[in-house]
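K.L.:
Can you read through this structure? Questions will come right after.
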Amino acid sequence: MRRFRGIAILTIAAAAAAVWILGLPLPVELQAPLSGTPILLDSRGREIAELPSQTSRVQIPIPLTEMGNWLPRVTVALEDRRFYRHCGIDWQATCAACLRNLRFGRIISGGSTITQQLVKMACHRQHRDWFAKLYENIVAWKLEQVWTKERILGEYLNRSSFGNRRLGPEAASRAYFGKPARELTLAESIYIAGLLQAPTRFNPWRQPERAERKYARSLDLLKKRDFLTGAQESLLNGAPPVPGHYDPLHLAPNYVDAVLQDQPVLSGKVRTTLDLDVQRLAELKLQTHLSALNRYDIADGAVVILDNASGAVRAMVGSSNYAINQVNGAMRSRSCGSTLKPFVYLTAIDRRLLTAASLLADTPDAIRDTYSDYDPQNFNHRYLGPVRVREALACSLNVPAIIALSRVGARSAFYELQKWGFEFPRSIDDYGAGFILGNADIRLTDLAAAYAGLARGGLATRAKLLASELFPMRRVASSAATEIITDILCDNDARRKSFGANSPLAFGERIAAKTGTSSGFRDAWTVGFDKEHTVAVWIGNSDGRPMRDTLAIQCAAPLWAAIMHDLLRNDHPLPPATDAVLQREICVVTGLLPSRFSPGKINELFLAGTEPMEDSSAWFSEEGKLLLPAEYASWCASRENVFGAMVLPEPRIVSPRPGAAYQIDSVLPAKQQMIELLATMGSDVRWYVGGRPIPRQPDGRFFWQLTPGEWSLKAVSRNGTVEEAITVR
């Protein structure tokens, strides 16, 4: 009875053990696929950088089929020659190991199979004890029931350390031989496989002699086990392979830093927006440009190139030499110079407060009534007097920009800029109206993204660093108003007065461009776009040192132009303006419809309903002299008045004189008794006598035939109305 009871207990225990073994789950780490070290890929799938983690410097999991013809076979021959015959436990090796362990009274070696070693790595076992060994045996047996031998071997190799924090054969092959694992030779495979037993002791970089001796022992063992043919033995008897020291791939370092700053947690292979071809172009052009400048006071630069359609960053260079300067100039906020002016003019045009033909005053005292404590000056300390908006923006004039800002409202314009994606470190109250001329701090990447929004016709979005990012596009300005601003930025004739006819911004095609120089010459910017790409350039010094009286057109624009010319080998210029805007001929001086006094005519673009309806005749004297309002008095008296313009005199009637009395001569014919009507009111004057209009003569003059009575004379023009009375007897 007792015997049957004992058998029952043993049976129950065995059944319970079997149930426990069958229900024992695989280690959690084995159930999830290996993500490995994050690897950044460019937009075409080419590797940019391998990003180290806490567990490894580099780990690149690859299928067993990509580990080459030799490494898996050599590993099995050296580590577990009965791998394909056992069920996870090599009882022959285990018994031999047990005898050794009993002899020394502790576990000194386990005769573990590749499957058992894989389980050990997955469980992160650090200490040797009998229970852990039992657990590994059970899990190894179970793993063999659900996984193929190929999968087990592949997982084992991908998780194994090969020294120097390189996990897996791909990482080891790249680090020691500068090639992928699939290209390893037989000798290199034997060398790398030998590192598995003690990667620290056989470190090829720190212990090369030990690594060579290990290679020799591995070679002898393979010979004893008849792994090698006679020809292979003869070939391998020579000198062992010599490993090199190949650093992990780390291209476009500033871009990689920006990705990690924006996305600190990454895994696996991550597709970015970078284009390595465009990146290399930007890096080469920046280095060549700074070398050509050869200026001790200009040490750094940055370049950002965006794809217009998506906002994707195709290139980002943050410094002239990443090895000695890790400051990313593309992501650091700096004084914006004049680069924000187009967005203020765009708002004014879109709100129909201004047109591209609107006349603005570029004079030293033009804004003193609006901003009494602000005295901006143009970069060349010259003033052009009356300028159209097109000229004011193209020539980057400061005073007209402040006038445009006052029309829009400084606070309103600042909020509009934020819609374009500018993230200002401070508020409008801190900057004041001067933000439009350079007081505000911006990032080069945000500047490029905003101008790419102009290239998209008024649709703003953030710059993309990863292909998986989806940022919404929002309409900030109408496409028609954006077309007008873009046309101005393409107009080399309009910028001629400030930059000359042959500046770096001058292209034979329609290419938009804008420069900006901060106060103190600390930052020089140039940004612009063709149909496909936006290019933004910054030149200066990372430590904020000023450049010696150097404008953006001199140091930043040439680099921008060099990059743009290269891109135009494949890119296209901007298309002409569409039918969304109206084109009208205007007076080149006044921006109104041409008159007989206009010194020249040009075509201008307008939003529908904003085109001029009156001609320019009221702005000229009978002699063709330009007549300007009283606000231009100081400028008219200066040497900068190249037009010979005059201040419009106080409106008055010159002929007849006030209170004049006339006597009709009964002898002379009536048609010979006429007086000419003259007034200092411009050429658009209209005359009324007794309330009735007097027609203009073919030569443009006005005559009235004397008629007895008391008469009221009235002269009316854009400049005012004047009345007086005369008597005719």
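K.L.:
Taking 35 Å as R0, compute the FRET efficiency from the Cβ-Cβ separation of Asp566 and Glu640 and round it to 0.05.
P.N.:
The pair Asp566/Glu640 has a calculated efficiency of 0.35.
K.L.:
Restricting to the chain, what percent of DSSP beta bridges are antiparallel, rounded to 5?
P.N.:
In the chain, approximately 85 percent of DSSP beta bridges are antiparallel ones.
K.L.:
Based solely on its DSSP helices, what 222 nm [θ] is calculated for the chain when runs of n ≥ 4 H residues each add -39,500 (n - 2.57) and the sum is averaged over all residues, nearest 500 deg cm²/dmol?
P.N.:
Roughly -10000 deg cm²/dmol at 222 nm, from the helical runs in the chain.
K.L.:
State the percent of C-alpha pairs, over all pairs in the chain, separated by a distance greater than 50 angstrom.
P.N.:
Percentage above 50 Å: 44.
K.L.:
So, one more: Just by accessible area at a 1.4 angstrom probe, what is the order of Phe620, Phe643 from largest to smallest?
P.N.:
Descending order: Phe643, Phe620.
K.L.:
Let me ask something else about it. Roughly what would the spin-label model give for Ala323 and Arg474, points 7 Å off Cα along C-beta, in nm?
P.N.:
4.5 nm
K.L.:
Oh, and also: Amide H neighbours of Ala512 under 5 Å, at least 5 residues apart or on other chains, H built in the peptide plane: list them.
P.N.:
Under 5 Å from the amide H of Ala512 lie the amide H atoms of Phe529, each far enough along the sequence or on another chain.
K.L.:
With labels modelled as points extended 7 Å from the Cα through the Cβ direction, what inter-label distance (nm, one decimal) is found for Ser267 paired with Arg545?
P.N.:
The answer from the label model is 4.7 nm.
K.L.:
Could you work out how much longer the chain between Leu260 and Thr65 gets when fully extended? Use 0.36 nm per residue separation minus the Cα distance between them, nm to one decimal.
P.N.:
Gain in length upon complete extension: 67.0 nm.
K.L.:
I've got another one for you. Hey, if we sort Cys336, Cys636 by accessible area with the 1.4 Å probe, largest down, what's the order?
P.N.:
Descending accessible area places them as Cys636, Cys336.
K.L.:
Hey, rough spin-label estimate for Arg692 and Glu614, points 7 angstrom out along Cα→Cβ, what's it come to in nanometres?
P.N.:
2.7 nm
K.L.:
Then there is this: Could you tell me which of rounded, prolate or oblate describes region 407-494, using a ≥ b ≥ c as the square roots of the eigenvalues of the alpha-carbon gyration tensor, with rounded for a/c under 1.5 and, failing that, prolate when a/b is larger than b/c and oblate otherwise?
P.N.:
Oblate is the answer for region 407-494, as a/c is 1.5 or above yet b/c matches or exceeds a/b.
K.L.:
Using mean Cβ contacts within 10 Å as the protection proxy, how do 460-471, 527-538 order, highest first?
P.N.:
527-538, 460-471
K.L.:
Given a 1.4 Å probe and every protein chain left where it sits, what share in percent of the accessible area of the chain is carbon and sulfur?
P.N.:
That fraction is 53 percent.
K.L.:
Let me ask something additional. Would region 408-556 count as rounded, prolate or oblate if I go by the C-alpha gyration tensor, calling it rounded below 1.5 in a/c and otherwise prolate when a/b exceeds b/c, oblate otherwise?
P.N.:
Verdict is rounded for region 408-556.
K.L.:
Continuing with the same structure: Quick one: Karplus J couplings for region 465-479, per residue in order, coefficients 6.51, -1.76, 1.60, θ = phi - 60°, nearest Hz, x for Gly and Pro?
P.N.:
Whole-Hz 3J(HN,Hα) from phi for region 465-479: 9, 10, 5, 7, 6, 10, 9, x, 9, 10, 7, 9, 9, 5, 5.
K.L.:
May I ask you to give the solvent-accessible area per residue for the chain, in square angstrom, as obtained with a 1.4 angstrom probe?
P.N.:
On a per-residue basis, the chain sits at 47 Å².
K.L.:
R0 = 35 Å: FRET efficiency of Glu233 with Cys87, Cβ-based, nearest 0.05?
P.N.:
0.60
K.L.:
Oh, and also: If you place +1 on the Cβ of every Lys and Arg and -1 on the Cβ of every Asp and Glu, how big does the dipole about the Cα centre of region 226-277 come out, in debye to the nearest 20?
P.N.:
So the magnitude is around 100 debye.
K.L.:
Take the residue pairs Lys341/Lys601; Lys464/Lys531; Lys341/Lys464; Lys497/Lys531 and return only those whose Cα atoms are more than 21 Å apart.
P.N.:
Lys341/Lys601; Lys341/Lys464; Lys497/Lys531
K.L.:
Right, here's the next one. So which lysines can Lys214 reach, going by Cα to Cα under 19 Å and dropping same-chain residues fewer than 8 places off?
P.N.:
Once the sequence-local lysines are set aside, what remains near Lys214 is Lys223, Lys224.
K.L.:
State the three equivalent ellipsoid semi-axes of region 197-292, derived from the C-alpha gyration tensor as the square roots of 5 times its eigenvalues, in descending order and whole Å.
P.N.:
44, 19, 15
K.L.:
If I stretch the segment between Arg462 and Leu134 completely, what's the gain in nm (0.36 nm per residue apart, minus their alpha carbon distance), one decimal?
P.N.:
112.4 nm
K.L.:
Order 162-171, 667-676 from most to least packed using the mean count of other Cβ atoms within 10 Å.
P.N.:
Those peptides, ordered most packed to least, come out 162-171, 667-676.
K.L.:
Classify region 608-729 from the C-alpha gyration tensor, please: rounded if a/c falls under 1.5, else prolate or oblate depending on whether a/b exceeds b/c.
P.N.:
prolate
K.L.:
While we're on this one: How far, in nm, would the chain grow between Asp247 and Gln705 when pulled straight, counting 0.36 nm per residue and subtracting the alpha carbon separation?
P.N.:
In short, 154.9 nm is gained.
The values are calculated or read from the model by the stated rules, or taken from the named source; none is laboratory data. In this text, all values refer to a predicted model and were calculated from it rather than measured experimentally. Note: ideal-geometry Cβ built from the backbone for every residue, glycine included; neighbour counts use all protein chains shown. Ligands, DNA and RNA are stripped out before the accessible areas are found, and what is left, the full protein with its side chains, is counted by its heavy atoms. Shrake-Rupley method; radii C 1.70, N 1.55, O 1.52, S 1.80 Å.
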